[in-house]
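Participant: One structure, pasted below without further comment.
The values are calculated or read from the model by the stated rules, or taken from the named source; none is laboratory data. Note that the coordinates shown come from a computational prediction; the quantities given were computed from them, not determined experimentally. Every residue, glycine among them, receives a Cβ derived from its backbone with ideal geometry; neighbour counts consider all protein chains shown.
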Amino acid sequence: MSAELIFKPITELASLLAEGKVSSVELMRAHVARTRAVDPRLQAFNSFDEADALSQAAASDGRRAAGASRGPLDGIPVGMKDVISVAGQPLTASSRMLANYVSPYDATVTRRLREAGAIIWGRLNLDEFAMGSSTENSATRTTGNPWDLTRVPGGSSGGSAAAVAAGEAAAALGSDTGGSIRQPAALCGVVGLKPTYGLVSRYGLIAFASSLDQIGPFARSVEDTAITLGAIAGHDPLDSTSLRNPIPDYRAGLDRPGATWKLGIAREYFAEGLDPEVAAAVERAVDHYRSIGCEIREVSLPHTKYAVGAYYIIATAECSSNLSRYDGVRYGHRSAEAADAVDLYFKSRAEGFGAEVKRRIILGTYVLSSGYYDAYYLRAQKVRTLIRRDFLNAFREVDAILTPTSPTAAFRKGERAADPLAMYLSDIYTIGVNLAGLPGISVPCGFTRGRLPIGLQIIGKPFGEADMLAIARAYERDHAWSAQHPEMNGA
Ligand code: GLN
């Protein structure tokens, strides 16, 4: 029974639970057993609390018995990237800096998932402080790709993507600053959605780059993604960037038989560096849309080539400010060697942060320093405006834009670890979306000859999540990629 349960979509599990064919405790036990069986090799979890998960499951069964189910997520295990606060549980950001830190409160997304009845399940690995594209920058462990354990799951939310792909959780949350939900979703063959900036509260998320960060869901189907997004979206007075837009019923709007859309293809996204197998898979997806009556138009995003450069100025500037709070005094790692207060800051930060985090703090401090601010930071902000304008111009003609999510399928562990620039270019198709504040989704669209998943990215209009999900569903409905699962044998 349990082997069948772990890959079922949330929608089907919800019916089994409602009909009494399975209990939430049984479902949770199946996920614990799966995690115990595969995670010693996969290494997606930083930690999990089995007793706590089983007691949440028992509470869910109790609600159902009393006729008080909270809906489709009630009793469903949802994994959490280890940068999202869960009261009483460790919160490490996969950093030595926070190795012994415990969350004093729930993030708003955690609270909302609990209100929807979901079981908050485990702390999932990431690149330290969400900085990276392979999860190799984690100070705790190296996560594998469930389709090939010698390869990376992508990053920074690599643990979240790998856990959902491997059947260790039915869905998961991640955070996306430059691609960290969509790129690992593509590399692990699951669906991952980055919401419009301001749709989902970041209260209780460890900040990386505050003008770019958004929390979003991973799941194995578009419908499960819509359900999870619906549970976490909406205004929160505790996050001053959270907007008051009404939240539609994403799930109800998914299937629109006969609906057609105008879809854009950006020439700039099919350029040098794009793997031919990825290009071919995305082109086949475009053909599918054509075949169901969508109009495909070429659009131009001329400032695309500046996106990675602008991102690495803005993101590092913001992170140098956000990470200044880790000073060894209030919380986090404190050096035992310090001679005085200034030495305490130096040594605590030198010992607590890894190499990539230090590189970014140094870069960010540099671009903000007097004399360089105008040349770098201010100019990057202007480029950001041009990039947003490119997208808004394109959206006057089309409803959404189709691109590859990542220029390549999953790369080998170690392959790009020594070359930060090669790693930064993994996010070339996802970063513009964050700079422009737009929503984006990655949907599985096939496999390479070596059986590695490929992702199609659909970029939506601001607050266009409902249409974006319906467009994703119009592809998924005719392609059973999400019915295929990694075997996780060998390695
Ligand atoms: N890979 C990008 C970076 O390293 C994006 C990370 C993210 O979205 N958190 O900054």
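Participant: Considering only residues that are hydroxyl-bearing (Ser, Thr, Tyr) and in contact with a strand residue (DSSP E or B) (Cβ under 8 Å, 6 or more places away or on another chain), look in the range 197-215 and name the one that is farthest from the ligand (Cβ to nearest atom).
Facilitator: Just the residues of the range 197-215 that are hydroxyl-bearing (Ser, Thr, Tyr), to begin with: 197, 201, 203, 210-211.
Imposing the further condition that a residue be in contact with a strand residue (DSSP E or B) (Cβ under 8 Å, 6 or more places away or on another chain) reduces the set to 197, 201.
Working: TYR197: 13, SER201: 17 Å.
It comes out as SER201.
Participant: Moving on to the next point. Evaluate the range 132-148: report whether one residue or more is β-branched (Val, Ile, Thr), modelled with pLDDT of 95 or more, under 16 Å from the mean Cα position of the chain (by Cα) and at positive phi. Give the steps one after another, and end with the answer.
Facilitator: At the first step, the residues of the range 132-148 found to be β-branched (Val, Ile, Thr) are 135, 140, 142-143.
With the extra rule that they be modelled with pLDDT of 95 or more, the set shrinks to 135, 140, 142-143.
Subsequent filtering for residues that are under 16 Å from the mean Cα position of the chain (by Cα) retains 135, 143.
This time we only want the ones that are at positive phi, so: 135.
Yes, the range 132-148 has at least one match.
Participant: Being touching a Leu at 6+ places or on another chain (Cβ under 6 Å), surrounded by 24 or more Cβ atoms within 10 Å (Cβ to Cβ), within 18 Å of ALA266 (Cα to Cα) and in contact (Cβ under 8 Å) with a residue 24 or more places away in the chain is true for just one of LEU435, LEU456, LEU402. Which residue is that? Walk me through it before giving the result.
Facilitator: Working: LEU435 fails: touching a Leu at 6+ places or on another chain (Cβ under 6 Å); LEU456 fails: touching a Leu at 6+ places or on another chain (Cβ under 6 Å).
Exactly one residue qualifies, and that residue is LEU402.
Participant: Could we say that GLY158 is under 17 Å from VAL38 (Cβ atoms), crowded, with 24+ Cβ neighbours inside 10 Å and more than 13 Å from the ligand (Cβ to nearest atom) here? First the steps, then the outcome.
Facilitator: On the way: under 17 Å from VAL38 (Cβ atoms): yes; crowded, with 24+ Cβ neighbours inside 10 Å: yes; more than 13 Å from the ligand (Cβ to nearest atom): no.
Considered against the rule, which asks whether it is under 17 Å from VAL38 (Cβ atoms), crowded, with 24+ Cβ neighbours inside 10 Å and more than 13 Å from the ligand (Cβ to nearest atom), GLY158 comes out as no.
Participant: Tell me, which residue of the range 438-453 that is among the small types (Gly, Ala, Ser) and buried (at least 24 other Cβ atoms within 10 Å of the Cβ) is nearest to GLY178 (Cα to Cα)? Walk me through how you get there before you give the answer.
Facilitator: Of the residues in the range 438-453, the ones among the small types (Gly, Ala, Ser) are 440, 442, 446, 450.
Then drop every residue that is not buried (at least 24 other Cβ atoms within 10 Å of the Cβ), which leaves 440, 442.
Working: GLY440: 11, SER442: 13 Å.
Result: GLY440.
Participant: Next question. Restricting the range 107-136 to residues that are of a type in the set (Asp, Glu) and within 16 Å of the ligand (Cβ to nearest atom), which is nearest to THR430 (Cα to Cα)?
Facilitator: Step one: filter the range 107-136 for residues of a type in the set (Asp, Glu), giving 115, 127-128, 136.
From what's left, within 16 Å of the ligand (Cβ to nearest atom): 127-128, 136.
On the way: ASP127: 17, GLU128: 19, GLU136: 19 Å.
Only one residue fits best here, namely ASP127.
Participant: Can you name the condition, by its number, that ILE313 falls short on among (1) within 16 Å of the ligand (Cβ to nearest atom); (2) outside any helix (DSSP H, G or I)?
Facilitator: (2)
Participant: Could you check ALA271 against (1) closer than 21 Å to ILE431 by Cα; (2) touching a Lys or Arg at 6+ places or on another chain (Cβ under 6 Å) and say which number it fails?
Facilitator: Unmet condition: (2).
Participant: In this structure, is THR150 away from the ligand (no atom under 16 Å from the Cβ) and polar (S, T, N, Q)? Working first, answer last.
Facilitator: Numbers: away from the ligand (no atom under 16 Å from the Cβ): yes; polar (S, T, N, Q): yes.
It is true that THR150 is away from the ligand (no atom under 16 Å from the Cβ) and polar (S, T, N, Q).
Participant: Do you know which residues across the range 21-51 are free of Cβ contacts under 8 Å to residues at least 40 places away in the same chain and either surrounded by fewer than 16 Cβ atoms within 10 Å (Cβ to Cβ) or of a type in the set (A, V, I, L, M) (or both)?
Facilitator: Scanning the range 21-51 gives LYS21, VAL22, VAL25, ALA30, VAL32, ALA33, ARG36, ALA37, PRO40, GLU50, ALA51.
Participant: Could you list, in sequence order, all residues of the range 389-420 that are part of a helix (DSSP H, G or I), of a type outside the set (Asp, Glu) and over 21 Å from the mean Cα position of the chain (by Cα)? Show your work before the answer.
Facilitator: If we filter the range 389-420 for residues that are part of a helix (DSSP H, G or I), which is where we start, we get 389-394, 420.
Still in the list and also of a type outside the set (Asp, Glu): 389, 391-394, 420.
Across the range 389-420, the qualifying residues are ARG389, PHE391, LEU392, ASN393, ALA394.
Participant: Hey, another quick one. Assuming MET423 fulfils every condition listed in (1) within 16 Å of the ligand (Cβ to nearest atom); (2) at pLDDT 95 or above; (3) under 30 Å from ASP148 (Cβ atoms) apart from one, which condition is it?
Facilitator: It is condition (2) that MET423 fails.
Participant: Being among the basic types (Lys, Arg), touching a residue at least 60 places away in the same chain (Cβ under 8 Å) and either under 26 Å from THR196 (Cα atoms) or within 15 Å of the ligand (Cβ to nearest atom) (or both): is that true of ARG412 here? Even if it seems obvious, please write down each step before you answer.
Facilitator: Details: among the basic types (Lys, Arg): yes; touching a residue at least 60 places away in the same chain (Cβ under 8 Å): yes; either under 26 Å from THR196 (Cα atoms) or within 15 Å of the ligand (Cβ to nearest atom) (or both): no.
Taking the combined requirement at face value, the residue does not satisfy it.
Participant: Right, GLY189: at positive phi, touching a residue at least 60 places away in the same chain (Cβ under 8 Å) and surrounded by 24 or more Cβ atoms within 10 Å (Cβ to Cβ) or not?
Facilitator: Yes, satisfied.
Participant: Out of (1) surrounded by fewer than 24 Cβ atoms within 10 Å (Cβ to Cβ); (2) over 20 Å from ILE232 (Cβ atoms); (3) away from the ligand (no atom under 16 Å from the Cβ), the odd one out for ALA139 is which?
Facilitator: Only one criterion is unmet by ALA139, namely (3).
Participant: So, GLU277, is that one more than 16 Å from the ligand (Cβ to nearest atom), surrounded by 15 or more Cβ atoms within 10 Å (Cβ to Cβ), charged (D, E, K, R) and modelled with pLDDT of 95 or more or not?
Facilitator: Working: more than 16 Å from the ligand (Cβ to nearest atom): yes; surrounded by 15 or more Cβ atoms within 10 Å (Cβ to Cβ): yes; charged (D, E, K, R): yes; modelled with pLDDT of 95 or more: yes.
Spelling it out, GLU277 is indeed more than 16 Å from the ligand (Cβ to nearest atom), surrounded by 15 or more Cβ atoms within 10 Å (Cβ to Cβ), charged (D, E, K, R) and modelled with pLDDT of 95 or more.
Participant: When both residues are 6+ apart or on different chains and their Cβ atoms are under 7 Å apart, which pairs have a first residue that lies in the range 274-286 and is acidic (Asp, Glu), and a second that is surrounded by fewer than 17 Cβ atoms within 10 Å (Cβ to Cβ)?
Facilitator: Between residues of the range 274-286 that are acidic (Asp, Glu) and residues that are surrounded by fewer than 17 Cβ atoms within 10 Å (Cβ to Cβ), the close pairs are GLU277/ARG449.
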